[in-house]
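Participant: Below: one structure in structure tokens.
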Amino acid sequence: MLVCALIRTMNQTIKILSALAEPTRFEAIRLMWDGREHCVCELMEVLDTGQSTMSRHMTALKKVGLVVDRRDAQWVRYRRNPALSKQLIALIEAALGLEKPSKRKAA
């Protein structure tokens, strides 16, 4: 049982890291890590890519569970998946090179 759970976790981690290995997807996650919603048109402009390419990248990120989307008229808006586990958040933040502020005690 434990081995099966470990294998599932490892497989999910590999899928996530594979999705992030593509530079445009990596930068899209960096942008969305602020927690706000981002329209595909905004991501296209910032990342200098076309609509079909950006949509394909966002579909890949959604497929591995890193982002969620919502349709707003003709636009699709994406944001970081709020249901990510603490372990996955730590993995993504490590990949992005982000650090949490340390909790230091006053001297």
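Residues checked against (1) within 27 Å of Thr13 (Cα to Cα); (2) touching a helix residue (DSSP H, G or I) at 6+ places or on another chain (Cβ under 7 Å); (3) outside any strand (DSSP E or B):
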| residue | (1), (2), (3) |
| --- | --- |
| Arg36 | yes, no, yes |
| Met44 | yes, yes, yes |
| Thr49 | yes, yes, yes |
| Ser55 | yes, yes, yes |
| Met58 | yes, yes, yes |
| Leu61 | yes, yes, yes |
| Arg70 | yes, no, no |
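Participant: Tell me whether region 12-20 contains one or more residues that are in a helix (DSSP H, G or I), of a type outside the set (Lys, Arg), under 15 Å from Arg80 (Cβ atoms) and at pLDDT 95 or above.
Facilitator: Within region 12-20 (the criterion being in a helix (DSSP H, G or I), of a type outside the set (Lys, Arg), under 15 Å from Arg80 (Cβ atoms) and at pLDDT 95 or above), the answer is no, since none of the residues qualifies.
The values are calculated or read from the model by the stated rules, or taken from the named source; none is laboratory data. The shown structure was predicted, so the numbers you read here are calculated from the model rather than taken from an experiment. Heads up, the Cβs are rebuilt from the backbone with ideal geometry, glycines too, and the neighbour counts pull from every protein chain shown.
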